[in-house]
Structure formats: structure tokens, C-alpha cells
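Here's the structure we're looking at; comments come further down.
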């Protein structure tokens, strides 16, 4: 009897968890539905304000914001803070999608729209759904996870092939070299997959690439997951 009771209580907890997940989606959809063209910027949470990468990220977000794009980040410090700061400085919508972690990720102060998620997968949907482009700044495991997920969604045609820009050729050369020399040689990826990527070293080039693409296509990010 105690065992059956425990199973029953666990089932109730899982049912309520489902509703909490739905609630995160609903809250995200409601708050982001009207933001228009947006660019999601990924990258390390560990860089400081005096890092060159911080200034470069801020410049990219500022240029995109001045051009009419909203900026979406994970809402935390480092690259995320720099991107939200650049967007806010440009007077653009600056979205921060924070995550609750055991070691609390501190929200940065530059997001004009801020949401907090308990589940990584709901947050990931929001980071992808409203973007017309993805800028991948140097980062660690989380950044690699986000990059490869975006590429997989495009490779499998679950979302449209929006621009994916890797910033910093020196940082990404090793990763791209491994993909070509090891993964591609074993047919784990295809030559066509590399067409999804572009490498840039200049913030102004990133802004130009995205603006040119959007002027040609006029596809809003929220159409990415719609069939």
C-alpha cells in the first residue's frame, strides 16, 4: 500500500509539472508575440566588461538594434549582458530569457523584456522561435549546445535556414576543422551543412549580413516553427 501511494503521488507531481511547462510556453508566447524581427545572440556568460569580446558583442547588438531588430539573449552576464546592453543603448527591444540554476544565474539589468524559465527546453524554444538570425559568439559547452541545436533544426528542416553567424574565426577554426576533417570524412555531416554557417570577424559585417538577408527575405522568426 505505501508503495502504491508513492507511485500515485509521483504521478500527480508529474501531471502538475506538465501544466507548469505549458505555463512557461504560454507566458513566453504572450510576451514575445509582437516583437517583430529579432536576432538571438549566444555566447559565454563568463567574460567580463573589460573583455574585447564584450565590446564587440555590444557593438553588434547596437548596430542591429539601430537597424530595427530586437535582440534576444539568455538574460545572464557576459555576452548576454553585452548584447542586451547594446540593444538597450540603441533603443531597441532587449529580451532576456533567464534560467533558474542550482548556482543562480544573475539577470543582467539591460533587458527591457525579462522572463525566467525553470526548464531549458522551453527556454530554448523561445530563443529560437522569434529569431531571424543567430549570432554565435565564442563560448563553452552551453554555446556549443545552442549552436548545434540550431543547426540540427535547420538540417532536419524543422525551422527555416536563417543566417547562423560564427563570430571570431580564430576561435571557431578548430571546431570547423574537426567537423570537416573528422565528422565529414565519416559522412556524419554533409557538405551542404556548412552552407548554413558564415564566419565573421567584424561587428559591422555581422550587422550587414543580417540586414541584407532580412531585406531580401522578410521572414519573421515566429514563422520558423510554423508549417
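Points to keep in mind about this one:
- Hits in segment 121-143 - residues which are over 30 Å from residue 201 (Cβ atoms) and either touching a helix residue (DSSP H, G or I) at 6+ places or on another chain (Cβ under 7 Å) or touching a residue at least 12 places away in the same chain (Cβ under 8 Å) (or both): 122, 125
- Condition check for residue 160 on (1) outside any loop (DSSP other than H, G, I, E, B); (2) touching a residue at least 40 places away in the same chain (Cβ under 8 Å); (3) over 17 Å from residue 41 (Cβ atoms): one failure, at (1).
- Failed criterion for residue 78 (all others in (1) within 24 Å of residue 207 (Cβ to Cβ); (2) surrounded by fewer than 23 Cβ atoms within 10 Å (Cβ to Cβ) hold): (2)
- Unique match (being within 18 Å of the chain's Cα centre (by Cα), at pLDDT 95 or above and either surrounded by fewer than 10 Cβ atoms within 10 Å (Cβ to Cβ) or assigned to a loop (DSSP other than H, G, I, E, B) (or both)) among 41, 47, 35: 47
- Residue match in segment 91-101 (condition: modelled with pLDDT under 95, surrounded by fewer than 20 Cβ atoms within 10 Å (Cβ to Cβ) and out of contact with any strand residue (DSSP E or B) (no Cβ under 9 Å at 6 or more places or on another chain)): yes
- Sole exception among (1) closer than 21 Å to residue 68 by Cα; (2) outside any strand (DSSP E or B) for residue 181, by number: (1)
- Hey, residue 62 surrounded by 23 or more Cβ atoms within 10 Å (Cβ to Cβ) and either in a helix (DSSP H, G or I) or over 17 Å from the mean Cα position of the chain (by Cα) (or both) or not: yes
Here's the yes/no breakdown for (1) closer than 23 Å to residue 171 by Cα; (2) within 11 Å of the chain's Cα centre (by Cα):
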{"position": "74", "(1), (2)": "yes, yes"}
{"position": "84", "(1), (2)": "yes, no"}
{"position": "90", "(1), (2)": "no, no"}
{"position": "98", "(1), (2)": "no, no"}
{"position": "117", "(1), (2)": "no, no"}
{"position": "124", "(1), (2)": "no, yes"}
{"position": "133", "(1), (2)": "yes, yes"}
{"position": "139", "(1), (2)": "yes, no"}
{"position": "151", "(1), (2)": "yes, no"}
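- Failed condition for residue 186, given (1) modelled with pLDDT of 95 or more; (2) part of a loop (DSSP other than H, G, I, E, B); (3) in contact with a strand residue (DSSP E or B) (Cβ under 8 Å, 6 or more places away or on another chain): (3)
The values are calculated or read from the model by the stated rules, or taken from the named source; none is laboratory data. Being a predicted model, the structure only gives us computed values, none of them experimental. Methodologically, a virtual Cβ is constructed for each residue, glycine included, from the backbone with ideal geometry; neighbour enumeration extends over all protein chains shown.
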